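K.L.:
My questions will all concern the structure given below.
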Amino acid sequence: MATAFDPIDLGRHRLRNRIVMAPMSRSRAYGPAALPGPSTATYYRQRASAGLIVSEGIQPSPVARGYPATPGLYSPAQVDAWRTVTDAVHAAGGTIFAQLMHAGRIGHPSLLPDGLIPVGPSPITADAQVFTPQGPRPCVEPRELTEADIAATIQDFTTAACNAVAAGFDGVELHGANGFLLHQFLSAQSNTRTDAWGGSVANRIRFPIEVATAVAGAIGADRVGIQLSPGNPYNGMVEQDCPQTYGALATALDGIGLAYLGLAEGPDRALTRKLRGIWSGVFLLNPHTAPRPTGLPELDLVADGTTDLLSFGSLFLANPDLPHRLALGGPFNPADPSTYYGGDDHGYTDCPTLDQTQTQTQTQDRDGDGDREQAAEPAPLRARTGP
């Protein structure tokens, strides 16, 4: 019986354990160049004890941006900047995939270069708001992608995947979840096209299949994963035929031989089991645990065969040594939501490991500055808003 702490083969890589750091946007790629900075390298290096790190969402083109200060992988400068990050992770023995995220209709013209507006499968405005430098703004009506635009977008994904490999990433994850572009094509509510890219289930799943096929052909299928979130209403999504749509999609993607299928699970565990049964490769699960974060109880999902890889989100933000803490049963630093998006290094690279906390406690006890019993739990992060 496998455990979350056992190694596993993922494509051409041997992962040290089955604990995955989920992709989580941190919005710290400031400036028009959309570059990750030195602190980003520190942040990911600190978490390299994960079996697999999946990076924050990285836009494959300028029009793909959906939020402020998110990084890209479409320029030589971005490739060079990400190389610093991947070098740091590899030096610490880690494995890291780049999540390629096209926001599609989720965005705002104020976030894009002059003259660009968000795009989507159909000109249907998302019932959602996005953060902008001017504060929350409602989404705008997207420009419908033409046939030529679709071909160019597929090429953008392919080029970004090649750039990811050039930047030292061990692979890429295609973001097909959470209401972003690939997900928008899957829904009959956001995709009302009457051509070969919309209408029937076979047509609506075509775009993510074409993207996955092209990217796999460019960098190797064993370097490509995909994340899906069936039925997730986030970003104004509406889906009413998830078993049919995602069953067909999983079957088609399985034939490509991707490194893994990742599922950001909703409350329908039966659908998870169905997709797990279809998928012949490595299965990655971010389990539905709302309103609490994924934690210790979910380790059993590896042991009972529900999943091969187990993805953790917010616990990884405040606990860079999360696999070690999970193995010991805790304790865990609490995450500080005020530091999630934007800001400086507070709540980003200054979260203590368990060893650091214990060393500090021992020093305080020796110097008479602390109480051992009270200091045994890591101190909560102090609240602070970013600049």
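The values are calculated or read from the model by the stated rules, or taken from the named source; none is laboratory data. Note that this is a predicted model, so its numbers are computed, not measured. Glycine gets a Cβ as well: all are built from the backbone with ideal geometry, and neighbour counts include every protein chain shown. Remember, those area values only see protein heavy atoms, side chains included, never the ligands or the DNA or RNA. Shrake-Rupley method; radii C 1.70, N 1.55, O 1.52, S 1.80 Å.
K.L.:
Among the candidates Y348, Y341, which residue alone is at pLDDT 65 or above, of a type in the set (F, W, Y) and farther than 18 Å from A50 by Cα?
P.N.:
Y341
K.L.:
Scan the range 208-236 residue by residue and report those that are part of a loop (DSSP other than H, G, I, E, B) and open to solvent by less than 10 Å² (accessible area, probe 1.4 Å).
P.N.:
Correct list: S229 only.
K.L.:
Follow-up question, since we're still on this one. Could you tell me which numbered condition G104 fails, if it satisfies all but one of (1) buried (at least 22 other Cβ atoms within 10 Å of the Cβ); (2) within 18 Å of the chain's Cα centre (by Cα); (3) under 21 Å from Y260 (Cα atoms)?
P.N.:
(3) is the only condition that G104 fails.
K.L.:
Then there is this: From the list T159, T84, T95, exactly one residue is among the hydroxyl-bearing types (S, T, Y), closer than 23 Å to L253 by Cβ and open to solvent by 20 Å² or more (accessible area, probe 1.4 Å). Which is it?
P.N.:
T159
K.L.:
What pairs come up if the first residue lies in the range 1-30 and is within 19 Å of T306 (Cα to Cα), the second is among the aromatic types (F, W, Y), and their beta carbons are under 6 Å apart, counting only those six or more places apart or on different chains?
P.N.:
N17/F5; M21/F316
Conditions tested, residue by residue: (1) touching a strand residue (DSSP E or B) at 6+ places or on another chain (Cβ under 6 Å); (2) in contact (Cβ under 8 Å) with a residue 12 or more places away in the chain; (3) among the aromatic types (F, W, Y).
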| site | (1), (2), (3) |
| --- | --- |
| H108 | yes, yes, no |
| E144 | no, yes, no |
| A148 | no, no, no |
| T153 | no, yes, no |
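K.L.:
Select from the range 48-62 the residues that are farther than 30 Å from V302 by Cα and surrounded by fewer than 24 Cβ atoms within 10 Å (Cβ to Cβ) and list them in ascending order.
P.N.:
If the condition is that a residue be farther than 30 Å from V302 by Cα and surrounded by fewer than 24 Cβ atoms within 10 Å (Cβ to Cβ), then S61, P62 are the ones that fit.
K.L.:
Has the range 179-194 got at least one residue that is farther than 25 Å from P62 by Cβ and of a type in the set (D, E, K, R)?
P.N.:
no
K.L.:
Can you tell me how many residues in the range 63-78 are buried (at least 21 other Cβ atoms within 10 Å of the Cβ) and in contact with a helix residue (DSSP H, G or I) (Cβ under 8 Å, 6 or more places away or on another chain)?
P.N.:
7
K.L.:
Say whether the condition of being assigned to a loop (DSSP other than H, G, I, E, B) and touching a Leu at 6+ places or on another chain (Cβ under 6 Å) is met by at least one residue in the range 35-44.
P.N.:
No, the range 35-44 contains no residue that is assigned to a loop (DSSP other than H, G, I, E, B) and touching a Leu at 6+ places or on another chain (Cβ under 6 Å).
K.L.:
Taking R45 and the conditions (1) open to solvent by 10 Å² or more (accessible area, probe 1.4 Å); (2) without any contact (Cβ under 8 Å) to a residue 60 or more places away in the chain; (3) over 17 Å from the mean Cα position of the chain (by Cα), which numbered condition does it fall short on, given that it satisfies the others?
P.N.:
The one condition R45 does not meet is (3).
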